[in-house]
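Data block below; observations after.
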C-alpha cells in the first residue's frame, strides 16, 4: 500500500463554471457536504466522472494547461485525460487522452502557465507536459519524484523528492534547491499568499514557512486519513485561513489553524486523494476513486488555494448563493477540537 501524506469559487468565478454549477448543484454522487460544510459557504459538484463505481485507486495528477484545460491522470488505466474546465463531464466528453508511460501515483502542478508532474511513479523523473498531456521535457535532472507537487507564484514548483526531500524546482533554469532536506510527504498545497506550504506527513498536516524554510506548525488532529489540502482565502470571514482536508476514507474536513481543531464537513465518498487549486475560478478540484470533485467557496472575495482573476465575471447564481450562506459562516461560533 502506498502511504499517502497530504498533499489547497469565489463569488467572482468564470461564467462557464458558474453555469455548470447552476445545473450540477451539490454533489450528484456519493460524496456530499454536511450541514457544517454548507454553513461555511461551501458547495460541492462533480467535475468529471472517471471510474464509475470504483472504490480503490483512481485519478491522481491534476493540473491546468496553458490553454485553460485540466489534465487528469487516471492510474487504473494509465491514461491522462484533457478536460474543459467545466463541471459534469465524463471520459467520453474529454477533449483528448493519451496513454501514460507507466502507472503514476504522483501529483501534478501548474506553474507559470505550464503543467508539470512525473512519469513512472515514485523514484522516477519530473517532467513538463504539453497541453495534450504528452511529455514535453525532463525537469530538473538529478532529482527523483516522490508524491506531492504544487506551483508557486514565482513560477517555481515545490515538490517532494524521494532522495532530496522537499525541493524547489526552477523550470526556467531547470535546476533545483533543497528547501528541507529529508522531508518527504504526499500532496502539497499553498496558502493564498504563497508563503506557507501544507504537507501531510505521517497523518499530520505540516505548515512550512517557505521564507525561513522551517516547519512552523504541526496539526496532529488532521482527520482520519489525510491525503491533501487546500486553504480558504476569505478575508473578513470566520473561515479565512482554514485548511480543507481530503481523506482516504472518503470524507472532507476543515482544520482551524488558530485552535488546531478539526471538523468534518463532508462524507460518503470513495478514496479521496490529491487536490488542485484552480486559479482560473478559485475552486479546489479533489480526486476521488470514481470522480473528480469541485469544491467551491461562495463567500464574498473567497477562493480556495489561490485568488481568482480580478477580471473574472460574477455569475448571478453564485452571488445569490454566497449571499445566503455568508451570514451563517461569518458569524458562526468558532469550533473546538473534534
Three-way shape label, the range 181-237, alpha-carbon gyration tensor, a/c 1.5: oblate
Fewest-first ranking of 83, 57, using other Cβ atoms within 10 Å as the exposure measure: 57, 83
Computed lengthening from residue 211 to residue 144, 0.36 nm per intervening residue step minus Cα-Cα distance: 21.7 nm
Full-stretch length increase - residue 195, residue 218 - with 0.36 nm per residue and alpha-carbon distance subtracted: 6.7 nm
Peptides ranked, highest mean first, by Cβ atoms within 10 Å: ranges 48-55, 69-76: 69-76, 48-55
Spin-label pair residue 125/residue 30, simplified geometry with 7 Å Cα→Cβ offset, distance in nm: 3.8
Fewest-first sequence of 47, 276, 163 by Cβ atoms within 10 Å of each Cβ: 163, 47, 276
Average Cα contact separation per residue, the range 15-330, under 8 Å, 6 or more apart, as relative contact order %: 18
Residues 242, 178, 152 arranged by fewest to most Cβ contacts within 10 Å: 178, 152, 242
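Rule-based calculations on the coordinates, nothing more; no lab input. Since the structure is predicted, the reported quantities are computational estimates derived from the model, not experimental observations. Please note: Cβ atoms are built from the backbone with ideal geometry, for glycine as well, and neighbour counts cover all protein chains shown.
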